[in-house]
Amino acid sequence: MSEEFDVTPRRGIAIDDTVDSIEDLTPNPSRARRGHGRAKIGKGAVAAVMAGALAAGTLFAYAFAARDSSEPAMSSIGAEAAVPAAALEAAQQGFANRAADVSRNVVRDGLSEEAADANARQRAEAIGQAADDALQAEVSDTALERERLMDADLQLVNQQAEKLKKEAEEAARRLEEAKKIAAASGFKTSGMSSNDVANLTAKGGSMPVKSGFRVGAGFGQRGIWARYHTGQDFPAPTGTPVYAVASGVVLSPTAAGWAGTNVVIQHKPGATLYAHLSRRTVKAGQTVKAGDLIGYVGNTGRSFGSHLHFEYYKNGTTPGDVYQASNPMTFLRSLGVNG
């Protein structure tokens with residue numbers, strides 16, 4: 001024991017000498033401060049290492065003591081070890097709660113998006129239904145209005161019927177006379193020129209429009225018309241030339257307002273009507289042959305756009321009395337025209 005006490009003073013002396021020598025080696029104050037900072041950092045690191053070692057030692061002691069023990073683990077664990085376990089449990093619970101919150105948020109967001117989509121679809125369906133209802137009401141109102149206007153036009157046609165009948169009879173007489181003149185060369189009659197005879201005896205047929213058009217609504221088609229479509233439409237730009245489809249005599253235009261600017265031509269088997277013109281180039285009493293210019297496409301009268309509305313009336317009916325009209329394409333085919 002005495003030898004051990006003799007050793008201790010010698011160690012103390014050595015430490016004092018070392019401290020003196022360190023102080024001699026630090027003449028620069030800034031270096032001393034940096035050394036002091038490193039010393040502080042070193043002490044913190046040492047403290048952390050020691051704390052870790054104590055915790056590890058405690059856990060090791062607990063494991064060694066509990067190896068043969070039948071008591072619950074928490075009964076033999078020290079206070080220092082219980083704190084990390086509680087912290088671990090709290091952390092686990094915190095993460096579990098957070099995961100549950102995240103899951104609920106995801107579900108909630110998904111439900112919100114689905115509800116928004118459903119609401120958007122319902123709004124779109126409601127708007128679409130409202131638009132359909134409005135369109136249906138507008139079409140219904142338009143049809144009723146067109147029916148009323150057409151009835152008014154038919155009254156005008158009836159008032160004009162007698163005049164057109166007389167003109168048609170005169171045209172038929174001229175057509176027959178022209179035929180006789182052509183058969184008996186040199187036969188002369190008052191009011192009939194050679195040009196009229198040539199026009200009225202010419203054969204063949206022509207399309208009412210020859211270029212820059214397309215075939216539109218046909219005869220008998222149902223839609224926005226008052227009852228049904230009473231002719232054949234040829235949509236074309238305004239100003240597109242319109243031609244007589246066969247030889248005949250020009251009658252007075254129909255007084256029906258729906259037709260706008262129009263031309264009526266009496267042929268041997270019946271009459272044709274060319275409606276919605278922008279301008280006509282012939283007048284009542286004039287003779288024409290197939291392919292002669294009679295006017296230009298327009299958008300006059302009750303029209304939905306620039307087009308020619310072409311109708312055909314058999315003998316005994318009144319041009320413009322639309323529900324007496326026949327399929328004009330059938331008449332064109334009888335002339336050898338396949339439009």
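Val242: on the phi < 0 side of the Ramachandran plot, touching an Asp or Glu at 6+ places or on another chain (Cβ under 9 Å) and either among the charged types (D, E, K, R) or touching a residue at least 60 places away in the same chain (Cβ under 8 Å) (or both), yes or no?
For Val242, the condition - on the phi < 0 side of the Ramachandran plot, touching an Asp or Glu at 6+ places or on another chain (Cβ under 9 Å) and either among the charged types (D, E, K, R) or touching a residue at least 60 places away in the same chain (Cβ under 8 Å) (or both) - is not met.
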Top-ranked residue of segment 302-339 - restricted to ones that are crowded, with 16+ Cβ neighbours inside 10 Å and within 32 Å of the chain's Cα centre (by Cα), ranked as nearest to Asn158 (Cα to Cα): Arg302
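Yes or no, residue by residue, for (1) modelled with pLDDT under 95; (2) under 17 Å from Gly212 (Cβ atoms); (3) among the aliphatic types (A, V, I, L, M):
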site	(1), (2), (3)
Tyr274	no, yes, no
Arg279	no, yes, no
Val297	no, yes, yes
Phe310	no, yes, no
Tyr313	no, no, no
Gly316	yes, no, no
Val322	yes, no, yes
Quick one: which of Gln159, Gln92, Gln129, Gln136 is out of contact with any Gly (no Cβ under 7 Å at 6 or more places or on another chain), at pLDDT 90 or above and either at positive phi or surrounded by 10 or more Cβ atoms within 10 Å (Cβ to Cβ) (or both)? Gln159
Suppose we keep only residues that are over 60 Å from the mean Cα position of the chain (by Cα) and on the phi > 0 side of the Ramachandran plot within segment 162-207. Which one would you say is modelled with the highest pLDDT? Gly191
Tally of residues being touching a residue at least 60 places away in the same chain (Cβ under 8 Å) and surrounded by fewer than 24 Cβ atoms within 10 Å (Cβ to Cβ) across segment 267-284: 4
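Please tell me if Val250 is over 18 Å from Gly301 (Cβ atoms), modelled with pLDDT of 95 or more and surrounded by 18 or more Cβ atoms within 10 Å (Cβ to Cβ).
Yes: the conditions hold for Val250.
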Those residues of segment 258-268 which are in contact with a Gly (Cβ under 6 Å, 6 or more places away or on another chain), over 27 Å from Glu145 (Cβ atoms) and not in a strand (DSSP E or B) amount to His267
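The values are calculated or read from the model by the stated rules, or taken from the named source; none is laboratory data. Just so you know, these numbers come straight off a predicted model, no measurement behind them. Because the Cβ atoms are built from the backbone with ideal geometry, glycine has one as well, and the counts that use them run over all protein chains shown.
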